[in-house]
Amino acid sequence: MRRVRSASRLGLLNVCLLLASGCAAHRFTPPTGPGEPAPEFAQQFEEATKACRGVQSLTAEASLAGRVAGQRVRGKLQIGLADPNALRLEAIAPFGAPLFILAAHRGSGTLLLPRDRAVLRDTPADAIIEALAGIKLSPDELRAVVTGCVSPAPTATGGRRYPGDLTAITLKDDAAAFVRTVKGAPRIISARRPGLIVEYEEFANGLPRRISLRSDAPAASANAGQGAGAAPNPTSSGTARAELSLTLSQIELNTSLGLQAFTIEVPPDTHPITLDELRKNGPLGRPAK
């Protein structure tokens with residue numbers, strides 16, 4: 001277990017304890033109450049997601065800052081996301097080998113910790129991401145969230161209007177988008193997925209450049225069935241498991257990414273670890289300091 005603990009300390013979410021940073025102070029609060037009918041909700045949502053609907057692949061660099069399980073984090077990522085359900089995440093170190101590499105194709109992932117010669121193989125990518133970051137998203141869900149489409153196959157099913165020129169639009173996969181007119185066009189400023197609140201800022205060419213994520217799975221289950229405008233209830237501790245901010249740069253869309261981008265060559269002397277070991281020795285399994 002000593003080597004596994006060392007690996008977790010070198011991972012994405014702990015490299016930055018020396019460069020601690022808090023989350024942004026501003027938080028979007030979903031509206032409450034029944035609101036008023038918004039008959040134009042489908043058109044609003046279609047216009048708000050026009051730029052992201054055609055994104056089949058994305059590569060970018062990302063600055064990460066926030067908290068996971070009470071621990072402050074900051075880091076740099078290289079991100080690759082593509083259809084079908086594929087991703088590659090590399091945590092960049094100031095020097096030397098990456099802190100970790102996570103690659104997945106069709107939802108099945110492999111996590112390599114090069115500095116500790118440890119590997120987690122053939123594991124659902126959303127479970128690995130949850131163990132690392134406290135946020136459970138599949139590669140397709142992550143691509144939809146970071147591009148501003150909220151859901152992999154976004155379909156609006158209803159909408160209610162609230163004060164402040166805000167429309168809450170429900171989606172078919174138990175998600176919701178909160179739309180406001182910005183510079184004459186509908187824009188998704190926040191969204192809700194099961195266990196997750198998302199906020200969008202700093203748009204360019206219709207796509208967000210800054211994405212804030214606030215996770216709390218117990219709160220989401222408590223809000224089931226309350227509709228698009230339901231605000232999340234706090235957990236018993238009153239603290240989200242994860243509060244993270246991603247700032248994207250060097251974005252490239254719809255470039256051809258071969259299968260090799262979503263596979264990892266594992267050195268022969270690498271030893272296996274389990275998902276339980278990763279969870280126990282990652283930020284969610286250790287008390288904050």
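For the peptides 198-207, 263-272, residues were scored by their other Cβ atoms within 10 Å and the scores averaged per peptide; the highest-first order is 198-207, 263-272. Remark: C-alpha extents of segment 135-204 on the principal axes read 32, 27, 18 Å, sorted largest to smallest.
Read the figures in this text as sums done on the coordinates, not as results from a lab. Everything numeric in this text was worked out from a predicted model, so none of it was measured. Reconstructed Cβ throughout: ideal geometry from the backbone, glycine too, with neighbour counts over all protein chains shown.
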